[in-house]
Amino acid sequence: KRLVAFEHVSKMFSTGTLALSDIHFTIQEGEFVSFLGPSGCGKSTALRMVAGLAVPTTGLVTVNGKTPKQLVRESNDIAFVFQDANLLPWRTVLDNVVLPMELRGGSRKEHKETALHALEMVGLKDHMKAHPRQLSGGMKMRVSIARALAAKPKLLLMDEPFAALDEITRQSLQMELLDIWQKEKMTVLFVTHNVYEAVFLSSKIVVMSARPGRVSSNIDVDLPYP
Ligand code: ADP
Ligand code: ADP
């Protein structure tokens, strides 16, 4: 089933930068899709459009047939993980994961249970009472992933989540992410400039061109992954 569609999308910023030029592709439910290309080719802009954080200048982006803004307003179907884990330093690991649920209201007990389950998925249940400063970079990223997973999103958006991590940590997080993707059966959109990372993780890669303003995202490669 088709989940995301980019229909002839272009983005011209007010500064005059043409970040995306007529990109056109669709993403099926359950896929792990990487947006691959060099810095500045428009990967983040494309991802932000799926979250409703950027709007096309021309063309249309839809998720489940709706505009992303509409979907974000009506549901928790979309979760975003940034390169910087963005944790609140004064909150414990558990309370960082609970925060988005807290903002939506409901019972503390339920939130805590959901958060603990998400922390278990990333192997950090034992660190629920720690504060971010006590964690390594990889652990902080795991908390950030748990916070996104707690919403049980249909669509997990990740913008270079592992770029700041050392090679060993990155590899173990890549494995864990694949494991979670297979278990949770969600759709993942993953921005990276690392070819090996894209090939290792993805069921599909959207290749974006280096030439400024001439992004050719319609070259997508289907890999023999489940
Ligand atoms: P990537 O994620 O591939 O590094 P981006 O999507 O971040 O690329 O940026 C694509 C191009 O658009 C870059 O030239 C960047 O400087 C520019 N850009 C991104 N956001 C803005 C903005 N808000 N205003 C103006 N230019 C922007
Ligand atoms: P991301 O971390 O999502 O790639 P960026 O680091 O590209 O985002 O940009 C962060 C913010 O800075 C963007 O939301 C945008 O508003 C602004 N920005 C990025 N690039 C430019 C640019 N070339 N000119 C003006 N503003 C920019």
Name, by its number, the condition in (1) free of Cβ contacts under 8 Å to residues at least 40 places away in the same chain; (2) of a type in the set (S, T, N, Q); (3) more than 16 Å from ligand 2 (Cβ to nearest atom) that does not hold for T62.
-> (1)
Restricting the stretch 32-73 to residues that are over 21 Å from H8 (Cβ atoms), in contact with a strand residue (DSSP E or B) (Cβ under 8 Å, 6 or more places away or on another chain) and more than 14 Å from ligand 1 (Cβ to nearest atom), the residue that is least open to solvent (accessible area, probe 1.4 Å) | F32
From the set of residues in the stretch 1-12 that are farther than 10 Å from T58 by Cα and open to solvent by 80 Å² or more (accessible area, probe 1.4 Å), which is nearest to ligand 1 (Cβ to nearest atom)?
-> R2
The stretch 24-46, subset among the hydrophobic types (A, V, I, L, M, F, W, C) and within 17 Å of S203 (Cβ to Cβ), residue nearest to ligand 2 (Cβ to nearest atom) = F35
Selected residue [within 16 Å of ligand 2 (Cβ to nearest atom), within 30 Å of L116 (Cα to Cα) and of a type in the set (A, V, I, L, M, F, W, C)] from A19, A51 = A51
Could you grab the pairs with beta carbons closer than 7 Å, sequence gap of 6+ or different chains, first residue in the stretch 146-161 and closer than 13 Å to F32 by Cβ, second one hydroxyl-bearing (S, T, Y)?
-> L155/T187
Just one of (1) open to solvent by 10 Å² or more (accessible area, probe 1.4 Å); (2) under 18 Å from P153 (Cα atoms); (3) more than 15 Å from ligand 1 (Cβ to nearest atom); (4) assigned to a helix (DSSP H, G or I) trips up K109, so point out which.
-> (2)
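The values are calculated or read from the model by the stated rules, or taken from the named source; none is laboratory data. In this text the structure is predicted, and so the values were computed from the model without any measurement. Cβ: placed from backbone, ideal geometry, glycine included. Neighbour counts: every protein chain shown. Protein only, heavy atoms only, side chains kept; ligands, DNA and RNA dropped before computing areas. Shrake-Rupley method; radii C 1.70, N 1.55, O 1.52, S 1.80 Å.
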